[in-house]
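Just below is one structure, and these are the notes that go with it.
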Amino acid sequence: MNAKLDWSKIDTVLLDMDGTLLDLHFDWHFWMEYLPEVYAARNNLTPAEANALIHAKIHSQQGTLNWYCLDYWSETLNLPIAELKRELKHLIQAHPDVIEFLAKLKQMGKHVIMVTNAHRDSLAIKLEMTEIGDHFDHLISAHDFGIPKEDIRIWSEIQTVHPYDPAHTLLVDDNLHALRTARQYGIQHLLCATHVSPKLDKIDPQEFDHFENFNEIMPL
């Protein structure tokens, strides 16, 4: 199923950040390659040992807020994660047509809200390096509520910050678990962003409508 949107039925647009609006290569490279290298150097391990150890720790927290929490990883690995992320910030970039897409939504009078599992420190670096922040009515980190988007409760928590009607709301995300909890909550319009990075495999959207490039869903 490819994306078919009737924009006249959508008042609020909830947008994920990493992988959806921004190229996921920065995060993938940081967690899968750069961080193990730094950890190996500081703990007198081989790259292979550090890789195995860090990947196992990351895998053990998948689906939890810890998985996204820079404070948690700073403490667990005894490394200044936010500081290390800044060393690679030049790699952060938005996907093609994202800024135009966000601008069009604002021109149409839609309420545009970022809902990201990213830690506030990580969000700050991304906003510093891209122009996406200027186009949102509200920027929400799951850490504000202490629960990730994989937890259905987050969609009602968002109502306390920025009320919205689920029947007239679109969520765009590359996280299938988040899309499923949103569907359970009653969010009517759901889209999977499958093209997270030119350097990474596309997401299998499974049962969800989907798109690869923002020009495919650009409002007229």
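Please treat every number below as a calculation from the coordinates, not as lab data. Worth saying up front: this structure is predicted, and the values here are computed from it rather than measured. Note that each Cβ is placed from the backbone with ideal geometry, even for glycine, and that neighbours are counted across all protein chains shown.
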| query | From the residues 67, 188, 56, which one has its Cα farthest along the dipole of the chain in the positive direction, the dipole being from +1 and -1 charges on Cβ of Lys/Arg and Asp/Glu about the Cα centre? | reply | 188
| note | Once amide hydrogens are built 1.01 Å from N within the peptide plane, the residues lying 5 or more places from residue 24 or on another chain with amide H under 5 Å from its amide H are 19, 197
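Placing unit charges on C-beta atoms (Lys and Arg positive, Asp and Glu negative, everything else neutral), compute the dipole magnitude of the chain about its Cα centre in debye, rounded to 20. Can you show the working numbers first?
Details: 18 positive and 33 negative charges, 34 e Å.
Rounded to the nearest 20 debye, it is 160 debye.
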| note | To the nearest 10 degrees, the tilt of helix 47-60 (Cα long axis) against the first principal axis of the alpha carbons of the chain is 40 degrees
| Using alpha-carbon pairs under 8 Å, 6+ residues apart, how would you state the relative contact order of segment 26-90 in percent? | 28 percent
| field | All-pairs alpha carbon distance profile, the chain, 5 Å steps from 0, percent | value | 1, 7, 14, 19, 20, 17, 11, 6, 3, 2, 0, 0
| remark: Residues 151, 173 in order from fewest to most other beta-carbon atoms within 10 Å are 151, 173
| Can you give me the relative contact order of segment 147-202 as a percent, contacts being Cα pairs under 8 Å and 6 or more apart? | 34 percent
| remark: Number of Lys pairs in the chain closer than 20 Å at Cα, excluding neighbours under 8 places apart unless interchain, is 14
| note | Applied in sequence order to segment 16-22, the curve 6.51 cos²θ - 1.76 cosθ + 1.60 (Karplus, θ = phi - 60°) yields integer Hz couplings, x standing for Gly and Pro, of 6, 9, 6, x, 8, 8, 10
| Counting alpha carbon pairs within less than 8 Å and at least 6 residues apart, what relative contact order, in whole percent, applies to the chain? | 30 percent
| said: Starting from 0.36 nm per residue, how many nanometres of slack lie between residue 78 and residue 57 once their C-alpha separation is accounted for? | reply: 6.2 nm
| Roughly how big is segment 93-220's charge dipole about its Cα centre, with Cβ charges of +1 (Lys, Arg) and -1 (Asp, Glu), in debye to the nearest 20? | 180 debye
| task | State to the nearest 20 debye the size of the charge dipole of segment 26-90 about its Cα centre, where the only charges are +1 on K and R beta carbons and -1 on D and E beta carbons. | result | 40 debye
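What translational D, rounded to a whole number of µm²/s, comes out for segment 1-77 from Stokes-Einstein when the hydrodynamic radius is the Kirkwood one over Cα pairs, at 4 °C and 1.567 mPa s? Mind dumping the intermediate values first?
Details: Rh = 15.0 Å.
My calculation gives 86 µm²/s for D.
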| request: Quick one: which residues, 5 or more positions from residue 209 or on another chain, have an amide H under 5 Å from its amide H? H modelled 1.01 Å from N in the peptide plane, none for Pro or chain starts. | output: 192
